[in-house]
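K.L.:
After the structure tokens below, expect a handful of questions from me.
The values are calculated or read from the model by the stated rules, or taken from the named source; none is laboratory data. Not measured: the values here are computed from a predicted model. Because the Cβ atoms are built from the backbone with ideal geometry, glycine has one as well, and the counts that use them run over all protein chains shown.
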Amino acid sequence: MAALGADPLEKPILAPEPTSSAKPKRLHAILAKDERKEPTTVFTSDLTKIRVFWSGSGLTAGDRVGVVWLAEDVGIDAPHDSKISQGVVTAYKSDDNGIFALAQPKGGWPLGKYRCELYLNGKLTESIDFTIEKGVTVELQ
């Protein structure tokens, strides 16, 4: 039975989230040519895919991790700071991690300067500049 004067449609008062003991939410990212995760910011134009490996700490299940790939300066191939691609995934644990990849466009990579931006719940957390140069990738096995 409801207490006298209680409005069943009134929103409940929520306790404030703890701030001092809560671990801050963080994302860290590196760019790499392949699954070996060797960090680099210089890629060759014949590479088929550029990967960004991200890892989180202090995340909450349901947090949204996003990426935006931008062409900063690729000459006449695209306007300055053009968005190439974007993606979003949902974190499922506090130390979740993952990979976003950008595939080589038809006709190859335009040479120039690029940027990869990582977002946590819509807020920019990390930005990594990288370049694509003319060249041939030699992979040793």
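K.L.:
Under the condition of being loosely packed, with under 12 Cβ neighbours inside 10 Å and hydrophobic (A, V, I, L, M, F, W, C), which residue from the range 46-79 is nearest to the chain's Cα centre (by Cα)?
P.N.:
Top of the filtered list is Ala61.
K.L.:
Which of the following residues is under 20 Å from Ser45 (Cβ atoms), surrounded by fewer than 16 Cβ atoms within 10 Å (Cβ to Cβ) and not acidic (Asp, Glu): Ser82, Ser94?
P.N.:
Ser82
K.L.:
Here's something else I'd like to know. Within the range 123-132, can one find any residue that is exposed (fewer than 13 other Cβ atoms within 10 Å of the Cβ) and touching a Phe, Trp or Tyr at 6+ places or on another chain (Cβ under 7 Å)?
P.N.:
no
K.L.:
Let me ask something else. In the range 1-60, which residues are out of contact with any strand residue (DSSP E or B) (no Cβ under 9 Å at 6 or more places or on another chain), more than 22 Å from Ala91 (Cβ to Cβ) and at pLDDT 55 or above?
P.N.:
Matches in the range 1-60: Arg36, Asp46.
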